[in-house]
Every structure is written in C-alpha cells, then in structure tokens.
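The values are calculated or read from the model by the stated rules, or taken from the named source; none is laboratory data. The structure presented is a predicted model; accordingly, all values stated were derived computationally and were not measured. FYI the Cβ positions are ideal-geometry reconstructions off the backbone, even for glycines, and counts take in every protein chain you see.
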C-alpha cells in the first residue's frame, strides 16, 4: 500500500488558520447574543431602577459583566490578529474604599464603557459574518461533492436547474459540472473569505477593547522613556561636571599658579623657573590626556568611525578588570552597522557596566557578550565578584537602567550575595 504524503508545511499552516478563523467567527455569534442580551437587559433594568439607589449598583454589575466578556474576547484575538494580548489597566477602588466608591469606580473608567459599547454593537457584525461563513462552507462542501448525491435529489417534470437557466443545457453532466465548479470556487476561496470575515470581527473588537489600551500603554511607555532619557542625561552631565572639576579644572588652576611662579622666578632664579616650566608642560600634557578621556565618554570617535565591535574592543582593553569580549559575528561584517542611536546606547551600557565592575565588584574576571537577535540587541555583562548589585538610585547600575529604558529596552540584574553578577540588557532595533 502506498503511503499518502503528509501535507506540506504551508498547507498545514493554511488549514490551521482556516480552522482558527472559522471557529472565531462561528463562536462569536453566541457570545455576541449573550453580550447584547446582557447589555440591553442591564441598561433597561438600570433605567427602571434609576429613581432608586439600586440602579447604580446594577449598572456597575453590568459594566463588570461586560468586562468579563471583553476579557474573553481579548483571549481570542491573538489567534486571528497574530498579536500578543493587551489588557487595559482598569481603575480599581482603593483599599478600604466604601461601598459607593466601589460602585462608582467602573463608571469612572472609560474602558468600561467601551466594553459595554462592544457588547451592544458586536451583534451587528457577528450575525452577517456568521451567515456568510456558513453559506460559504455549505457552498464549498455541497458543491464539491455534488456529483456524489445528484441522483438522490428528487426532481419533478417541471423543475428547472440553474444550468438550464444559464443556457448550459438540462442534462445531468451540465448540472454536475456547474455545481461542482461553484463548489470548487467556494472551496479555493474559503480561506480568503474566512480570513476576511474573521478580520472584520477582530477589527471591531481590537478598536474598542485593545486599541485604546495599546495607545495609552504606548503613551505611558514613551513618557517613561522620556523620563529615563532625561535622568540618564542629567546623570551624565553631573558626572562630566564632577570629572572636569576634579581633573582638568584642578590641573589648569595649578598650571596658572606654576606659570605665575615661573614668571616671578625668571629674573632671580632662571634654573628654578625652568623647572617650574617643565612641571607646567607636564601638567598641560596630563590635562590634555584627561580631556581626551572625557571626550571619549561624550562621543567616542572609534564608535563613529569603526562601529560597535571596535569600540567595545577598546573598552575591554582599557578595563581595569580582565575582560573577555564576545561579539556576534554579524555585527562585525561589512554593512552590519546598527542604528547610530542604538550603537551609542549599547556602547554606554557596556561602558557603565564595566565601570561598575571595576568600582564595586572586586571581580577577578569579567565577560561581555553582545548578540544580534531578531528585532533586538542583547548585551550581557557578567563578573565573578562579590555580588550584591542592585538598581537602587545612587548606585552604578541606575545609570544603565536609565539608558536602557530611554532606548525602549529592558534590563535584568542577577547578583546574589557572594556573586556572581549578571547584567542582561535587551535593546529593540
């Protein structure tokens, strides 16, 4: 017996999507009926009891019930839209709130009213899509298999077939050919029709139940990124100001004093003046070295000219703790440059992490890994130090956290007492 080959991967994917779309559309109608009946009955009962205080608790109950149906719909949306589930952050009563404050809490939440609106209007879309889905499936199945049961259909002497009305003849062959053609057309277009009907329903649910929540979540995320960027910039400016004050500024003050002393010594003791000038020249060189180091912290030229791998290699070479650097090969290839903002964020994350390792970890070795993944850049800095690192304000890792949040990424720190410490950052790209 010859084995029948399994369907190819695209065919299996098409069948799975067809099953998901069909199930989504068909099960939407009973849910829509339940939601519509709940909404109409709840609002009617609320209106009837509004003259008493019982109407408001009933309305709150209706809003909570609509929220439950909305949550059920949000669980079903990812199968159709291919997006992760997003649940709005609903208003919640404060701990210890009194009864009437709890009653009014859902009424003050705009998303609760959107949930109720979805329960009202959902039936308008669910009913026609349900009917179209059933009709298309019926055409596909009955038309494709028409030749099997054509002889079992009773016909009177005056009955006219569609093939005869279209001028194709009144014979059995013409009748079977026409109905089979209709069935094959419905069968081949069924995935497209099911996808369209499911997307129509899902679009309504997404716009009312998830779209506003995603927009609010995006606004919140952007606000957090803005605050993190401002915090990171302020911290960098304070550190730069402190470094200039403690380094180059002090050396320039001493240089001015040495030059003044040399001018006074020039006539009385030329040899002492020469030694003072030599010290001033040395101070000038050290000041220039410190200024170059500070400029690298602001905008490292090697990052702009040669890219992230070379800049990280320079960081690892200058690190006070012996550091092993592992960079994804794709980042070092020609044309593998990332967005300049992403490269800058990644560079400073590694730079600040290595500074934190040198100052606080008491580590003997350190390892930096940078990998380019789908949609993100992963950075991991680990050391074998004493551990105890955390993200509290005032500690070295807070600057890393601010930079990562400003870039829209996430940061995870694992540092138990006694070590080791692992700092893992993911930056979107």
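Quick notes on this structure:
- Filtering 408, 341, 399, 388 for residues that are on the phi > 0 side of the Ramachandran plot and out of contact with any strand residue (DSSP E or B) (no Cβ under 7 Å at 6 or more places or on another chain) leaves a single hit, 388.
- Check on residue 140, at pLDDT 85 or above, touching a helix residue (DSSP H, G or I) at 6+ places or on another chain (Cβ under 7 Å) and in a helix (DSSP H, G or I): yes
- Residue in the range 359-372 that is under 30 Å from residue 219 (Cβ atoms) and under 20 Å from the mean Cα position of the chain (by Cα) present: yes
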